[in-house]
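Q: Got a structure for you, questions after.
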Amino acid sequence: MNFDFATRIDRRQHPSTKWQQYEEDVLPLWVADMDFRSPPAVLEALARRVDHGVFGYAGVPESLKQTLCEWSRHHYDWAIDDAWQLWVPGVVPALNLAAMAFSDPGQGVLTATPIYPPFLGVAKNTGREAQVFELAEPEAAGQPWRLDLEALEAAIKPNTRVLLWCHPHNPTGRVWTAEELEGLAELAVRHDLIVISDELHCDLILDPSMTHRPLGRLCPELSERLVTLWAPSKTFNIAGLSSACAIISDDGLRQRFKAAAAGLLPSVNVLGLSASQAAYGECEMWRQALLGELRSNLSLVEAHVSRWPGVTMTTPEATYLAWLDLRHSALADGPQQRLLEEARVALSDGADFGWPGFVRLNFGMPRSWLEEALMRLDRLLAP
């Protein structure tokens with residue numbers, strides 16, 4: 001079956017964070033949603049639900065829970081139970097909720113930088129102490145970013161209670177090795193940490209030689225201290241429908257999370273539930289086609305970056321995001337603003353991820369748009 005990933009869709013006709021943040025002549029390659037039309041099966045499911053005409057309060061259908069269980073078993077060989085699932089209106093609210101559920105005011109919330117910016121806001125939002133450590137930079141061209149276990153342990157304080165982890169990693173696109181994850185798990189057990197594993201990009205593995213290993217599957221010793229966050233939002237481009245799932249196998253931990261959410265989080269909206277059911281149940285062929293498109297787009301990005309002096313990029317193993325190092329380029333000082341003003345391309349500022357001098361580029365868009373954006377960047381970055 002052929003799917004359309006080429007058509008440019010005018011997203012300014014409806015309120016769009018990505019497309020209305022900047023002036024109309026700017027091409028936005030920043031916030032992490034794609035410009036592809038959502039899968040046909042999702043659109044059909046939404047149309048059927050809208051045709052029903054009633055949008056009252058609703059619970060999570062058992063069919064959706066079973067569909068996610070089957071997705072987990074088939075793709076990741078992880079036997080989750082429908083009772084472990086708490087559906088929530090987004091991964092970011094769940095991160096903040098977890099900090100409130102599993103720590104007290106003033107206690108430490110730890111994460112690694114560079115990192116998706118909302119991670120860095122959790123401690124401030126919840127009255128906790130912000131604690132960070134740095135990932136290890138690539139040792140040479142073509143080498144990956146790494147989890148520095150010594151740096152992680154050194155950052156753990158007596159008051160550290162929660163570790164926010166991103167797996168696969170945003171913004172570097174890293175798929176963590178079993179050794180890295182097992183080392184993280186050992187430290188979490190030894191230091192009595194609750195681990196929140198944001199696995200939002202797990203269905204977007206670009207390197208065909210790699211596979212996603214859910215932390216809960218790989219490290220069962222974490223079962224009493226682990227919250228796994230999944231969502232169809234990035235993979236199937238339905239972020240605006242606000243649907244995600246916290247998978248918590250431990251009964252006590254799950255009840256603490258549920259109690260903290262009472263009165264604070266709304267239920268998942270009914271359209272989000274319908275879209276999630278269709279995404280996980282009917283859209284595997286579309287996902288495979290999407291991965292092919294993203295791999296092609298990534299090759300195009302790599303070809304352009306290779307001719308930009310002083311700019312380097314470690315090939316992302318997952319996600320549709322490229323993390324570019326401009327610290328040794330002519331735009332080392334404030335590259336995001338220079339690229340916006342002079343190339344009219346909007347990228348995400350590395351400073352927001354805790355690493356100034358970098359930018360994050362979203363290549364999840366029709367190839368013609370991506371080519372146009374990269375040619376604009378060529379005029380500024382290429383010799």
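Q: Which one, 297, 59, 226, projects farthest toward the positive side of the charge dipole computed for the chain from Cβ point charges (K/R +1, D/E -1)?
A: Checking the options against the dipole of the chain, the answer is 59.
Q: Taking DSSP loops as anything outside H, G, I, E and B, show the longest stretch in the chain free of GluC sites (Glu not before Pro) there with at most 12 other beta carbons within 10 Å.
A: 140-383
Q: Give the long-range amide H neighbours of residue 317: residues separated by 5 or more places, or on another chain, with amide H under 5 Å away, using H modelled in the peptide plane at 1.01 Å from N.
A: Amide H to amide H, under 5 Å and 5 or more residues apart or across chains, residue 317 pairs with 174, 175.
Q: Which of the three applies to the chain, rounded, prolate or oblate, going by the alpha-carbon gyration tensor with a ≥ b ≥ c and a/c under 1.5 meaning rounded?
A: It comes out oblate by the Cα gyration axes.
Q: Karplus couplings for the range 72-88 from phi (6.51 cos²θ - 1.76 cosθ + 1.60, θ = phi - 60°), rounded to Hz, Gly and Pro as x?
A: So the Karplus estimates, Gly and Pro as x, are 5, 5, 6, 8, 10, 6, 10, 8, 8, 10, 5, 5, 7, 8, 10, 7, 9 Hz.
Q: Then there's this: Taking only protein heavy atoms and a 1.4 Å probe, what accessible area per residue, in Å², does the chain have with all protein chains in place?
A: Here the residues of the chain average 42 Å² of exposed surface.
Q: Can you list the HN-Hα couplings for the range 252-265, worked out from phi with the Karplus curve (6.51, -1.76, 1.60; θ = phi - 60°), rounded to whole Hz and with x for Gly and Pro?
A: x, 5, 5, 5, 5, 5, 5, 5, 5, 7, 4, x, 9, 9
Q: Could you pull out every residue, at least 5 positions away or on a different chain, whose amide H is within less than 5 Å of the one on residue 200? Hs are placed 1.01 Å off N in the peptide plane, and Pro or chain starts have none.
A: Amide H neighbours of residue 200: 167.
Q: Still on this structure, please answer the following. Quick one: ranking 55, 353 by accessible area, 1.4 Å probe, largest first, what do you get?
A: Order by accessible area, largest first: 55, 353.
Q: For the chain, modelled as a Gaussian network with Cα springs under 10 Å, which listed residue fluctuates most, 311, 189, 54?
A: Checking each option, the largest mean-square fluctuation is seen for 54.
Q: I would also like to ask the following. Which lysines have a Cα less than 25 Å from the Cα of residue 157, not counting those fewer than 8 places away in the same chain?
A: 124
Q: Among DSSP beta bridges whose residues both lie in the chain, state the antiparallel percentage, nearest 5.
A: Taking every DSSP beta bridge within the chain, about 45 percent pair in antiparallel fashion.
Q: Using the Karplus curve 6.51 cos²θ - 1.76 cosθ + 1.60 with θ = phi - 60°, work out ³J(HN,Hα) for each residue of the range 92-104 in order, rounded to whole Hz, and write x for Gly and Pro.
A: 4, x, 5, 4, 5, 4, 4, 4, 6, 6, 10, 8, 9
Q: Carbon and sulfur atoms: what percent of the 1.4 Å accessible area of the chain do they account for?
A: 51 percent
Q: At what distance in angstrom do the alpha carbon centres of the range 300-354 and the range 105-147 lie from each other?
A: 20 Å
Q: Roughly how many Å² of residue 22 are accessible to a 1.4 Å probe, to the nearest 10?
A: Using a 1.4 Å probe on the heavy atoms, I get roughly 60 Å².
Q: So, one more: Can you give me the long-range amide H partners of residue 129? Hydrogens built in the peptide plane at 1.01 Å from N, cutoff under 5 Å, separation of 5 or more residues or another chain.
A: For residue 129, the qualifying residues are 106, 107, 108, 109.
The values are calculated or read from the model by the stated rules, or taken from the named source; none is laboratory data. Just so it is clear, the structure is predicted and the values come from calculations on it, not from any experiment. No Cβ is skipped: glycine too gets one built from the backbone with ideal geometry, and neighbour counts run over all protein chains shown. Side chains are part of the model used for accessible areas, which takes the heavy atoms of the whole protein and leaves out ligands, DNA and RNA. Shrake-Rupley method; radii C 1.70, N 1.55, O 1.52, S 1.80 Å.
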